[in-house]
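The values are calculated or read from the model by the stated rules, or taken from the named source; none is laboratory data. These numbers were taken from a predicted model, which means no experiment stands behind them. Please note: Cβ atoms are built from the backbone with ideal geometry, for glycine as well, and neighbour counts cover all protein chains shown. Accessible surface areas use protein heavy atoms only, side chains included; no ligands, DNA or RNA. Shrake-Rupley method; radii C 1.70, N 1.55, O 1.52, S 1.80 Å.
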Amino acid sequence: RKEVEQDPGPFNVPEGATVAFNCTYSNSASQSFFWYRQDCRKEPKLLMSVYSSGNEDGRFTAQLNRASQYISLLIRDSKLSDSATYLCVVNPYSGAGSYQLTFGKGTKLSVIP
Amino acid sequence: DVKVTQSSRYLVKRTGEKVFLECVQDMDHENMFWYRQDPGLGLRLIYFSYDVKMKEKGDIPEGYSVSREKKERFSLILESASTNQTSMYLCASREDGTSGNTIYFGEGSWLTVV
């Protein structure tokens, strides 16, 4: 099983739609989780961290399910500007020696007028 | 705001040339990373450094070396460039390994080896 798996998409949705992405991770000891957004030919940028109780930032909601080892990202009222690739990122270790993060390959979203 | 700067954005090099990619971060971060990103393969870690003069191999170190002489600067070196090293290279930094600390990327260096 791959460490972090995402559906590559593409997800083609109309403006105003609600879309959800899931990401599964294999290491049950994983400590922290993030969603990054990457525009075409640009660097990944932090969209939001994912907290155990779930968290919301405007139209974006992130949730964590430790029992099933997945995180999700929900985008409501999609905008054309939401078109991007969304990367799931997991910190698989704990403590000060945990240097590396594990990245999913990303899910591509295209919002259509 | 955290700033990670990759000085060379677009390079075209010939096979066999030595290539230097420079990266500087301005937030006194402990950890620095070099990734490459290719279509369908996602981000792959080449090398990382958790302190000055310290380095660790990532998943694909072959054909690359790194240098970290100062905390803010992390260089990626291709000793003899080959066409299969044509890619987008991303430098990143992170405060330390504490859970919850996020990673910040530079804008990327697009390298074409001909």
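Any chance segment B:68-76 includes a residue that's open to solvent by less than 10 Å² (accessible area, probe 1.4 Å) and assigned to a loop (DSSP other than H, G, I, E, B)? So far as segment B:68-76 goes, no, none of its residues is open to solvent by less than 10 Å² (accessible area, probe 1.4 Å) and assigned to a loop (DSSP other than H, G, I, E, B).
The residue list B:TYR10, B:TYR47 contains one member that is surrounded by fewer than 15 Cβ atoms within 10 Å (Cβ to Cβ) and within 14 Å of another protein chain (Cβ to nearest Cβ), which is B:TYR10. Here is the figure for segment B:24-33: residues that are within 12 Å of chain A (Cβ to nearest Cβ) and either in a strand (DSSP E or B) or open to solvent by 50 Å² or more (accessible area, probe 1.4 Å) (or both) total 4. Taking the criterion of being in a loop (DSSP other than H, G, I, E, B), among the small types (Gly, Ala, Ser), surrounded by fewer than 20 Cβ atoms within 10 Å (Cβ to Cβ) and modelled with pLDDT under 95, the residues of segment A:24-67 that qualify are A:SER26, A:SER28, A:ALA29, A:SER52, A:SER53, A:GLY54, A:ALA67. For segment B:77-100, the set of residues classified as surrounded by fewer than 19 Cβ atoms within 10 Å (Cβ to Cβ) and either among the charged types (D, E, K, R) or within 14 Å of chain A (Cβ to nearest Cβ) (or both) consists of B:GLU79, B:MET88, B:GLU95, B:ASP96, B:THR98, B:SER99, B:GLY100, listed by residue number.
Evaluate the following for A:PHE11: is it surrounded by 15 or more Cβ atoms within 10 Å (Cβ to Cβ) and closer than 22 Å to B:ASP38 by Cβ? Taking the combined requirement at face value, the residue satisfies it. Is it the case that some residue within segment A:32-52 is of a type in the set (Asp, Glu) and over 22 Å from B:LYS3 (Cα atoms)? Within segment A:32-52, not a single residue is of a type in the set (Asp, Glu) and over 22 Å from B:LYS3 (Cα atoms).
Yes or no: B:LYS18 more than 14 Å from every other protein chain (Cβ to nearest Cβ), more than 16 Å from A:VAL89 (Cα to Cα) and either in contact with a Phe, Trp or Tyr (Cβ under 9 Å, 6 or more places away or on another chain) or modelled with pLDDT of 95 or more (or both)? Yes.
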